[in-house]
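Since the structure comes first, as structure tokens, the remarks are kept for the end.
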Amino acid sequence: MSITAAKGFEAGGGAIGIKPSGKPDIAILVTNSREAVPAAGVFTTNLATAAPVLVSKSHLADGKAAGVVLSSGNANAATGPAGRADAERMCQLAGDAFGLEASDFLVCSTGLIGYSMPMAVIEKGIPVIAANLNGGTAAADALLTTDTVRKEAVAPVGDSGAVVGGMAKGAAMLAPAMATMLAVLTTDANATHEVLQRALTDAVAKTFNQLCVDACTSTNDTVLILASGAANGPAITATEGSDYYALLDAVTSVCGSLARQMANDAEGATKVATIRITGARTDHDASLAARSVASSQLVQCSLNGEDPYWGRILSELGASGAFMDQERVTISYGEHVLCAEGIAAEHDVAAVAKLMSEREILITCDLALGYGEAEMICTDLSYAYIDENRGTS
């Protein structure tokens, strides 16, 4: 499972010295043809936008890219004009290695904010990695910072013979506006930039944007997709019809798998909870309610303590901005109703305690007002998370 599962792409990664630990820190993806192909991206909403995001947005203006160069260990954020020049230089180095223009490459970085890029090692290192493209798994390994495992996924595009493959990093600063995360997807489906942009935007909204670990949105969040068309399938030129929806389903599946892997690898996490809202007046209200519960530090602490304290959830529902009648609300942990019509309900205490000891927990909140639904994924707030982040990391 990797970004090279789709035909038409090569990738590699390795260590060039950005990270003091000596772990892998540069990844490169490039088309086999060494030509630009349709591409699309979704980027951070943080106004303290990192230099690589600014450069990638600029290079995507024509809706095409031939590759991506990614670094980990330094975010190249809050680095001013020099940082943007460094990001452009990374694209130039990658372009030179493959006989392409700098503008044919997109660039992503992740790591510490406010530090200049170590360009001396980057100048030497990118050509070395480019000359030894050792596979998609090596590229996925090179993205990791505080992650403990690589994150990869693949899904078929219906029965067209095409696939979507992806890799991602993310273990902290995961919030409902993407995360401290980078993700790169590839497909050998034959899709236009406009189709890719719509599919990626919709998929991100349903997956990465429904993930919350610590309610922090990063300066560098980026999700990219490139389409080689090498599967020789039907041309997908409109955001409708069976071919488009097959592509959308595959992109959503890969993004969803990567998001779930990120939640399971979240810093210090011992629990992964799905917050499901049903019966809201509208889907928008359901989303507001789910987001409020998932991002609540009190709820996250209760998860860590294996305490089914539904009162905190009811409070977050009421404060979420979603319309709510507390006398209609039902809150369930798994199949066990703990709150019915806004008040405590009798339940099997031992069975709920067993449920709370499990790693994955479903919490359902039925507002009983309409048909609006939403889900978010969150994790617990642990001592290990605090220990990881009490200093610069």
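Numbers for the structure displayed
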| quantity | calculated |
| --- | --- |
| On Cα atoms only, tilt of 119-130 relative to the major axis of the chain in degrees | 80 |
| Two-site FRET efficiency, LYS354 against SER315, from Cβ-Cβ distance with R₀ of 35 Å, rounded to 0.05 | 0.85 |
| Residue of GLY13, GLY370, GLY73 that the Gaussian network model of the chain assigns the largest fluctuation, springs spanning Cα pairs under 10 Å | GLY370 |
| GNM top mover of PRO156, PRO234, PRO38 - the chain, alpha-carbon springs below 10 Å | PRO234 |
| Karplus 3J(HN,Hα) series, Hz, for region 357-367 with 6.51 cos²θ - 1.76 cosθ + 1.60 (x for Gly, Pro) | 7, 7, 6, 10, 9, 9, 10, 10, 10, 9, 7 |
| Angle in degrees between helix 283-294 and the longest Cα principal axis of the chain, rounded to the nearest 10 | 90 |
| Region 13-127 shape via C-alpha gyration tensor axes, a/c threshold 1.5 | oblate |
| Choice from ALA289, ALA322, ALA227 showing the highest fluctuation, given a GNM over the chain with Cα pairs closer than 10 Å | ALA322 |
| Pairwise FRET efficiency - TYR383 versus LEU112, Cβ, R0 = 30 Å, nearest 0.05 | 0.85 |
| Between helix 242-264 and the chain: long-axis angle, C-alpha atoms, 0 to 90°, nearest 10 | 70 |
| Cα gyration tensor shape for region 272-389, rounded if a/c is under 1.5, else prolate or oblate | oblate |
| Calculated FRET value between ASP325 and VAL149, using beta carbons and R₀ = 45 Å, to 0.05 | 0.55 |
| Qualifying GluC sites (Glu not before Pro) for region 96-199 [loop in DSSP, other Cβ within 10 Å: at most 14] | GLU101 |
| Cα shape, the chain, gyration tensor, a/c 1.5 rule | prolate |
| Charge context of ALA102, other residues only, Cβ under 10 angstrom, K/R +1, D/E -1 | -3 |
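Values quoted throughout were computed directly from the atomic coordinates according to the rules given, and no laboratory measurement underlies them. Please read these numbers as outputs of a predicted model, since none were measured by experiment. In this analysis, Cβ positions are derived from the backbone assuming ideal geometry, glycine residues included, and neighbour counts consider all displayed protein chains.
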